[in-house]
2 protein chains.
Amino acid sequence: MNKIVPPRIASGTMELLPKEQIIFQRMIAVIQSWYEKFGFTPLETPVFEIKDVLLTKSGGETEKQVYFVQSLGSLQQGHEPELALRFDLTVPLARYVAQYERELYFPFKRYQIQRVYRGERAQKGRFREFYQCDIDIIGKDSLSPLYDAEIPAIIAGIFEELNVGDFTINFSNRKLLKGILNSMEVRDSDTQTLVLREIDKIDKIGKEKVSEALVNLGISSDNANIILRVVTLKGSNSEMLQALSELGVKDELFLQGMEEVSSLIDSLKSMNVKERRTRFNLSIARGLDYYTGTVYETVIDAHPEFGSVCSGGRYDDLAGHYTKSNLPGVGISIGLTRLFDQLLSSGVLKDVPAAMTEILIANMAYELRADYLELAVVLRNAGFKVSVYMDSAKLDKQLKYADKARIPIVLFLGEEEKKNGTVVVKDMKSKEQKTVMLSSVADAVGQLLRV
Amino acid sequence: MNKIVPPRIASGTMELLPKEQIIFQRMIAVIQSWYEKFGFTPLETPVFEIKDVLLTKSGGETEKQVYFVQSLGSLQQGHEPELALRFDLTVPLARYVAQYERELYFPFKRYQIQRVYRGERAQKGRFREFYQCDIDIIGKDSLSPLYDAEIPAIIAGIFEELNVGDFTINFSNRKLLKGILNSMEVRDSDTQTLVLREIDKIDKIGKEKVSEALVNLGISSDNANIILRVVTLKGSNSEMLQALSELGVKDELFLQGMEEVSSLIDSLKSMNVKERRTRFNLSIARGLDYYTGTVYETVIDAHPEFGSVCSGGRYDDLAGHYTKSNLPGVGISIGLTRLFDQLLSSGVLKDVPAAMTEILIANMAYELRADYLELAVVLRNAGFKVSVYMDSAKLDKQLKYADKARIPIVLFLGEEEKKNGTVVVKDMKSKEQKTVMLSSVADAVGQLLRV
């Protein structure tokens, strides 16, 4: 007898029961279909990268969270690990585009739905393994700002189809605040970044603390007030544009930002994106240096506590670490594992879906096994997903199985039915059953399933 | 200026260009659709498992190939790694079924299409990261042998749809050879396993070497001859059954095996699996102790050098390491990364597929950008996958882009067309173009794409 090892999984990973997995797979399918609808091509990269390629600048916050990978042999010989698990999909994309630059075509529009890894301290809602669902549009040397409007159009399509309640895609453009800072003669790029980082905290720490922090960064309190007024501006897209232009800022970067936002708003209209789904919101500054223009953050209206469920923006240079080519881009990422976990635990995903399997053919008699297999072939050829119960078991047990597996239809074919050329079709939801001719069973099942 | 790190990937991983990735994704979609058609439910497990759970018996051949995972902190503190990457999908399945046994329903039919990891010595055709596409049917306490016939029916469906040329699903039943050995009074289970392992090598080392090896294992040369005759038997399924029954073996295990194979053959007929797609072949012994009944190996007829592209079988107990419950099952695995690599390098996948994106809307004038976005919405709503070229570029450059990205249709809408309410539709393959009314562009495009 073997010693029993208690079966369990690593903390910080998400593993689902079949009924949950089906919901998750459908969410991925929705996301993927929208990405493809907008002309993105699929990409997958290896889960691990060469350590020195992944960590182009070492010693940062990121490296602390990286998982290193090593074979037993290498471990036993005391070698340093050479491989590391990807912590996002952006670095692998940068590496990929630089590596295959000559074989690709630009603008290169790719989507990538894969898992990434971070050695987070284990706590509720923090995952060490999680899905990211990314799209990026990468240009060679330049990329029209018009592409920036595609991103919220796609996200709006996805979240409407996911049916998770009302949501708001907040957008802004970092050129606006940077331009305002320029006009205040706060031109030092590091200071500007620090200011944007403080602004990013406004929802968490409140206006006063942000104001203090800005003054500490050397901004006059008058200017701090202007900044705070700007980042808390509210109104329709056109009201926002109006209020900003009334600031009278003449800085070129600011004017460029205004032009880009205005064009983004026009394009959203052309693409039929409902205005209530988007909000021009200057507090969306996003701390990362990486972003240089449009930025996005998406919230589920009824669940602000989820935070941003999907964020991204425009960047000037994707792959400076890997190539001298200039590769500007715009992209966004849905953190699906965390979102799914939040939706599940907050009861938004309360409907238990039917099984993928649509039909269970019950086993009434061993002698009729060939009939069951033949019936399954007919139904599969008609496009249905069919399981045949092959074990000998009481009908009651077979029905309980269908119930537990959430298979919506059970077919009975016993000696009696065989003689009459019929099948009994049972609807597991209504518990109703009817006898139909064997030749019309696909129609009967189809009617029940399409209801 | 950053120092440029040459972009490259870890050896033993497969990374694809977009045109190849599209073929790969389609192959996965075909496999998945057949798995679902037969009533399997999707499952995903974390890429890493707790080391002690993954490696229930340590020191084996498997452990040498395992990749261990460790965060920087853990590494720096000199800790042993606690996590390891899965090396197959069977161990995670066993752990999963044992862990969630009470919430599952049996027979539990799951499919799992994920990557697995092995620290193989890097060489052509050996992958350190590769996809496995697994199905298993797990029973609680018992599982009807009738399920064994579903596996080749699914595999036949998949490989026909994959369109990779003729293929043969070899099958056998380990009870036959074990029964024959019993009847020869070779009853020691270890010796039986060693005999089956030798037989498994027959294609590689030839009959004589196998015969020698059997004699070395203590089998009389007469008996070795009988065994060799059996494992090299050829003929139709019924001829094979006939020849085996003429051996007159009375051993119970043998008779059980005969019964199971005969029933498998009947069921394959009921499921319309063409006999030329399957071959009852006793040399398919499969070295692993794990299998206890039916075994399968699949070869692409024109490429025997690929080896078995998909193997599996029946086992008595899935999860003995994790639970006292008895969980017999039957399953098979397609090693898709290796198969894809082989198909690609042997020229079987010679057709370059069109892009997923079906339509490119060219950019004729910045002023018409809203028209392009609106046209894209109309076409996306009609179900097409549409990209809009947003950058200002000469038409020639845009056409080259469509060509390189293999987008089959390009639409032109310039000032002239705008005035007339028309669009020019260009078929990138025939290079023909025609002018259609804006209101009928979806129809025109549909006709071209459905050809």
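The values are calculated or read from the model by the stated rules, or taken from the named source; none is laboratory data. It should be emphasised that the depicted structure is a prediction, and the values quoted were computed from it without experimental measurement. As a convention, Cβ positions derive from the backbone with ideal geometry for all residues, glycine included, and neighbour counts pool all protein chains shown. Side chains included, ligands, DNA and RNA excluded: accessible areas come from the protein's heavy atoms. Shrake-Rupley method; radii C 1.70, N 1.55, O 1.52, S 1.80 Å.
For the reader, a short list of remarks on this structure follows.
- Filter pass, B:ALA285 being open to solvent by less than 60 Å² (accessible area, probe 1.4 Å), among the small types (Gly, Ala, Ser) and either at positive phi or in contact with a Leu (Cβ under 6 Å, 6 or more places away or on another chain) (or both): yes
- Qualifying residue in the range B:20-34 (condition: touching a strand residue (DSSP E or B) at 6+ places or on another chain (Cβ under 8 Å), of a type outside the set (A, V, I, L, M), facing chain A (nearest Cβ under 9 Å) and touching a residue at least 12 places away in the same chain (Cβ under 8 Å)): no
- Within the range B:248-261, if we keep just the residues that are surrounded by fewer than 16 Cβ atoms within 10 Å (Cβ to Cβ) and of a type outside the set (D, E, K, R), the residue that is farthest from B:ARG314 (Cα to Cα) turns out to be B:GLY248.
- Residue within the range B:119-126 that is facing chain A (nearest Cβ under 7 Å) and either farther than 23 Å from B:PHE306 by Cα or not in a strand (DSSP E or B) (or both) present: yes
- Entry remark, the range B:406-451: residues being touching a residue at least 60 places away in the same chain (Cβ under 8 Å) and open to solvent by 20 Å² or more (accessible area, probe 1.4 Å) number 4 in total.
- Which listed residue, of A:TYR100, A:TYR67, is at the interface with another protein chain (Cβ under 7 Å from one of its Cβ atoms), hydroxyl-bearing (Ser, Thr, Tyr) and in contact (Cβ under 8 Å) with a residue 40 or more places away in the chain: A:TYR67
- Count of the range A:247-288 residues, restricted to those that are hydroxyl-bearing (Ser, Thr, Tyr), at pLDDT 95 or above and not in a helix (DSSP H, G or I), is 1.
- With respect to (1) farther than 27 Å from A:ARG406 by Cα; (2) at the interface with chain A (Cβ under 7 Å from one of its Cβ atoms); (3) open to solvent by less than 10 Å² (accessible area, probe 1.4 Å), the lone exception for B:VAL116 is condition (2).
- The listed residue being more than 29 Å from A:LEU17 (Cα to Cα) and aromatic (Phe, Trp, Tyr), out of A:TYR372, A:TYR366: A:TYR366
- The residues on offer are B:VAL273, B:VAL261, B:VAL330, B:VAL230, and the sole one that is more than 29 Å from A:ALA376 (Cβ to Cβ) and either within 14 Å of chain A (Cβ to nearest Cβ) or more than 24 Å from the chain's Cα centre (by Cα) (or both) is B:VAL230.
- A:LEU143 being assigned to a loop (DSSP other than H, G, I, E, B) and either open to solvent by 70 Å² or more (accessible area, probe 1.4 Å) or at pLDDT 95 or above (or both): yes
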